[in-house]
Every structure is written in C-alpha cells, then in structure tokens.
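First comes the structure, then the notes that go with it.
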Amino acid sequence: MGVLLQGFYFGPGRIAGVPSPLDGDASVPFWWDHLAAQANAFANAGFTAIWLPPPLKGASGSFSSGYDLFDDYDLGAKNQKGTIPTRYGTREKLQRCAAVMRANGIDVYVDLVENQRDGDDGHFNFKYLDAFGRDGGGRFAKGPGDFHPHVPEDPGVFSDQFQFGRDLAPINGTPKDHCSNGLIAAAEWLTRALDLRGYRLDNAKGVSTVFMQRLLSTGALANKFAVAEFADGNTQLIESWANAVQRRSAAFDFPLHFALKDMCNNPDSFNMASLDHAGLSGIDPQGAVTFVENHDTDRGGVGGPIVRNKMLAYAHILTSEGYPCVFYRDYSTDKNCFGLRNQIDRLIQIHEQLAEGPTQQRWKDGGVFIFERMGGGHLLVGLNKDPNASRPITAQTGFPPNTRLQEFTGHGSGVSTKSDSQVDITIPRNENGNGYVCYALPRELRIPARSAHATTQVYEGAQDLDIKPALENEKVQVCRIFAEAQTQLQVQFSFDATGWTAATVIQLEIDATQGGTILSRKFASADSKGSSMTAKTSGKGFCEIFVRVMNPATGNKTPRYKLAMTYTAPKAL
C-alpha cells in the first residue's frame, strides 16, 4: 500500500504550527518550500504519499495551523486576517510544492476540515474578500442557517462533544443544500487546483456520514483515497462509522496507537501477546491507516505522546498489515524534531520490499511477539519489550527447511531454518526501542527510482475568487508554474463569452522567466467551450501566464475563465 508521511507537526510550547517566517525570522523558509526541497529525499526513502496540513486561510491568520478554517477559497492569495500568505506560504508556493511532489512520484493528500469554520462577525456571518480585495464579494459567504445550533443537528453525526469553531450543517442547513453544495464545490476547486490524490478527514465524528458519502462520491473527489480522523479506541465504533460511509474512507488506527503507546511508555505492565491482530488493522487492514504519533498526540491530545521506545512502535507498523503513516517530527532531523530518519528509512525499505500478505502469529507471551507476513518471500518479525535482556526463541516459520535467512535491521545475525522449518532467533533487549529483528530470504534492499509524474493544476479567474477575471487591455497574471527544462506544457483554456460581439477577443500568453514568450494566442467567442494547445519550456524555472480581454461586451466586461495546466515540475528546487 505504500508509506504515508504526515508532512507537518505542531511546534513546541505555544507555537501554532511548524516554523514560519511570519513569526519574525526571515531566514526561516515557508513550509511549502521546506517540504518541496526535501521531496526527492522523501521519494528516495520510499515514501509514496504526503499528507499536507489544511492549506486554506485560518481565522488566526499568520498563527493559524489551518484547523480554524476561515475562507474556503483563499490558499494564501488574499489579504485577510492580517496576512496574504498562510503560515505555510502563498498559493504559488503550495502549488509548486504539490507539483514537485508529483514529479518525484509522491501522491499529495490534504487535510479537509468539514466540521467547522471560524472567524465570523460574532453572529455566524462569514464574508470574504473578492479577487480585487473588496470586502464581501468572495465566494461561499455563510450565515446562521449554515450552522448548528441555528438548525437541528445533522443525521449521521457520531459525536458533537468537541466544538472547534462554528459547527457546519451541510444536511439540515438553510436554504437547503446551500452549505452542502458550497462545501463540495470548494473541495472540488481545491482538488483541481492542487491535483490532489487523497484526503485526511478532520474530526470525522462531528461530520454527518450522509454528507461524507456525498462529498467523497462527487466530481473531482470521486475515487480518491480518504482516511478519517475518528479518534476513538473502540474498534467496533470505527467499523460502524466506516460502514455508515459505505467503506468510502479508511480510518486512522487509534486503537492500535493506544496499544503501542502503552507498549512503549509502560512496558512493565504491557502484555506483548495482545498485539496479535490488534487494533483496526488486525480485523480490517485494508481500511486502516496505522500510525505511531500525530500532531495532536504529540502535543498531549488524544491520550498524549509516546515518550520512550518509539522505534519499537515503528517496527510494528512498518512490518504489519495496514497503510503506515510516519510522523514528520519523529522522522526529521530538523530543529525540535526527533531525528529517527535512518532507522525509519530501513524499516520503510523492509515494508516496501518484504512485508506482504496476511499475518501468521508465530510466538506470543508477555514479553515477546513474533509474527510472519505470509506473502511474497515471507518476512519474520520479532518484537521484545524487555529493556534489560535479549530473548532467544525457537519459532515455527513458513520458510522451507534448511533455508538461510538474512536479518535486515542490523539488530541480529543470519540464521538458517531447521529440517522442520523452525528457526532459532535472538531478539535484542529493547534499548531505546531497538528490541526488534526482521528476517527474510537474503537480498539487497533498495528503493527503486520512480518516474516523474506530470501534474494538472486548474486556475480559475473570477471576481468572487482569488484570481482576477480577464480585464480590458490589461495583462492579468493568472499564475506562475514551476516547470522542468525542455518539458511540454499542455494547456486547456475556456471562458465565459456571454454577450460577446465579433470584435471581442481574449488573449492568453505564457512567458518564461528566463526570457521570451513561449505561447500567445487570441480566442473569439466560438472558442469559449475549450481550446487545447501545447508549448515547450526552455530552461528550468517559472513560467508566467497572463490573460487580457479586448473589446469586452457591455454586460460582460470582466469575463471568467478556467485554465488547466499540465506540466512536469523539476524533482528539486
């Protein structure tokens, strides 16, 4: 299934999120650039997808981690809540980051916040700037009828215990479907803008499952991967939620996380035998995203963090069934991070090349758990919680008799199976979480190079959005895209030609920042439903895209347009 990287964390103390130049130190890069600069290293390590934090403008402006979402159409392009960029950067930086990830073969997921909005006028009214900076003209304004308690609680809400802002009402809101249609349209716009491949669903307990089904089956969101934050230790309750959304979304494996936290923090009282088919992944591996830590648990929420022996937990999720998610702060060597990269990288290699198929328990007692992955060439994994002593074990295996096995973590030596396929292994003592071994048939582990993937990002210009519509005889910058040298640009362009005369034309121009125009075309009303064209870059870098309209119609002086750019970004900044 690959390996997911949670590409952010909440800073220590009172810091709202990751480091940002908006805190006053201009030498700190924006987070989108910091991630993009590491994209090639992430791919080489074996990560196949990255989960980005909520990218939209939050009510607390430069201090916002994104969960106090304010404007559904501001990715860091409008001057709202005291800032143009979000804490993570501008829209341009975000789209460059997403394109660079795709160039490295990494899928991009973002956090969808569908439970709440924040930053209203105090009376449940939300109004936004338009593309010209005028107040109240932005798309998807909201009023009291879009929120509980002004309308009844939606059906299919598992819990409204935690309120993180104004509580959205996509099912029971009034006027009917205003909230639901608005949220879905905004999520589709976001998906197209970033070429998203998946979503993390924030606070799924508080969002109607009726709405969730509709959201995830509509338009650009249909058939994309989704994983829900259903923060609960009750496996059956999580399964009930998954059934309620007709298995359209996986869920984070909180039950397993709680077990691993107990194993790491309180080994003396933990029974290792309880790991046998533990958690959601133990009964529904295809529907489980396993994790050791996340941005909430790390800072004390949802039961608190793992404070010792963390690698033993990573050894479990990166060799077991389920879709494992690695937490950036655990992985990275950045300041205020825990620097487990080298050890995790080896386990990612094991996950990607050795860990396949169903699980067979091979040994379990209070101190040791041994299991075998039965797919491919098989993988035998041993976990020991004891910090004081190693454990020699004779375990049955599915390997052929008299077969030489290699230990892949560096924690043990090679062994051979006996005539009955049993094997004698020694699991080292659990010093700093290193009480694990992984045995398989000898081979060299190497993450294969990935082909660069093109990305298609859609830019929409309209007065009520964040990019200006076409203006008369004025070059409007639509965007800048960061493209590889000598790469083909595929362009799809459509526009609103309502009321146009024979003299009305709209011009599209693409300039390379290294110098020169690489495409310039004019379009009449007959072309409004969509035109395709290609261009080619010369050097690596930004291309600037402009539009302008000549002789516009009286009733359509600033026509809307949609521009889809398909291109391949460089693998490195």
- Message: As a test of the formula, what do you get for the chain when each DSSP H run with n ≥ 4 contributes -39,500 (n - 2.57) and the sum is divided by the residue count, at 222 nm and rounded to the nearest 500 deg cm²/dmol?
- Response: -5500 deg cm²/dmol
- Task: Treating each Cα of the stretch 193-322 as an identical point scatterer and ignoring solvent, apply the Debye formula and state log10 I(q)/I(0) at q = 0.15, 0.16, 0.22 Å⁻¹.
- Result: -0.72, -0.80, -1.30
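In Å², and per residue, what accessible area does the stretch 313-352 have when probed at 1.4 Å with the other protein chains present?
Each residue of the stretch 313-352 exposes 31 Å² on average to a 1.4 Å probe.
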- Is the stretch 1-64 best put as rounded, prolate or oblate by its Cα gyration tensor, with a ≥ b ≥ c the root eigenvalues, rounded for a/c under 1.5, and otherwise prolate when a/b is larger than b/c, oblate when not? prolate
- Note on the structure: Whole-percent carbon and sulfur contribution to the accessible surface of the stretch 5-48 (1.4 Å, no ligands, DNA or RNA) stands at 56
- Are there trypsin sites (Lys or Arg not before Pro) in the stretch 479-543 that DSSP marks as loop and that have at most 11 other Cβ atoms within 10 Å, and which are they? 529
- Item | Dipole moment magnitude, nearest 20 debye, the stretch 210-331 about Cα centre, only Lys, Arg, Asp, Glu C-beta charged | 400
- Please work out which option in [x] 25.5; [y] 29.4; [z] 23.6 gives Kirkwood radius over Cα pairs in Å calculated from these coordinates, and answer with its label. [x]
- Task: Could you tell me which of rounded, prolate or oblate describes the stretch 403-449, using a ≥ b ≥ c as the square roots of the eigenvalues of the alpha-carbon gyration tensor, with rounded for a/c under 1.5 and, failing that, prolate when a/b is larger than b/c and oblate otherwise?
- Result: oblate
- Cross-chain or 8 or more residues apart, Cα under 14 Å: how many lysine pairs in the stretch 417-573 fit that? Count them up, please. 5
- Message: Rounded to the nearest 20 debye, what is the charge dipole size of the stretch 187-227 about its Cα centre when +1 sits on each Lys and Arg Cβ and -1 on each Asp and Glu Cβ?
- Response: 80
- Pairwise centroid distance, computed over Cα atoms, of the stretch 38-90 with the stretch 448-483, Å: 17
- Message: Rounded, prolate or oblate, given the Cα gyration tensor of the stretch 70-128, with a/c below 1.5 counting as rounded?
- Response: oblate
- Query: In whole Å, what are the Cα extents of the stretch 292-442 along the three principal axes, biggest one first?
  - Reply: 51, 32, 24
- Message: Whole-Hz ³J(HN,Hα) for each residue in the stretch 211-223, computed from phi via Karplus 6.51 cos²θ - 1.76 cosθ + 1.60 with θ = phi - 60°, x for glycine and proline: what do you get?
- Response: 5, 4, 4, 5, 4, 7, 10, 9, x, 5, 8, 4, 6
- Note on the structure: Rounded to whole Å², per residue accessible area for the stretch 358-512 with a 1.4 Å probe reads 42
- Message: Largest first and in whole Å, what are the equivalent-ellipsoid semi-axes of the stretch 422-563 based on the Cα gyration tensor, each being the root of 5 times an eigenvalue?
- Response: 53, 18, 14
- At a Cα cut-off below 21 Å, give the lysines reachable from residue 310, other chains included and same-chain residues fewer than 8 away excluded. 261, 335, 364, 385
- Percentage of interatomic Cα-Cα distances in the stretch 86-223 larger than 25 Å: 31
- Message: Give the aspartates and glutamates reachable from residue 142 as a straight Cα distance under 13 Å; neighbours fewer than 8 places away on the same chain don't count.
- Response: 71, 72, 118, 120, 121, 167, 177
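The values are calculated or read from the model by the stated rules, or taken from the named source; none is laboratory data. Worth saying up front: this structure is predicted, and the values here are computed from it rather than measured. A quick note on method: Cβ atoms are made from the backbone with ideal geometry, for glycine too, and the neighbour counts reach across all protein chains shown. The accessibility values were calculated without ligands, DNA or RNA, using every heavy atom of the protein model including side chains. Shrake-Rupley method; radii C 1.70, N 1.55, O 1.52, S 1.80 Å.
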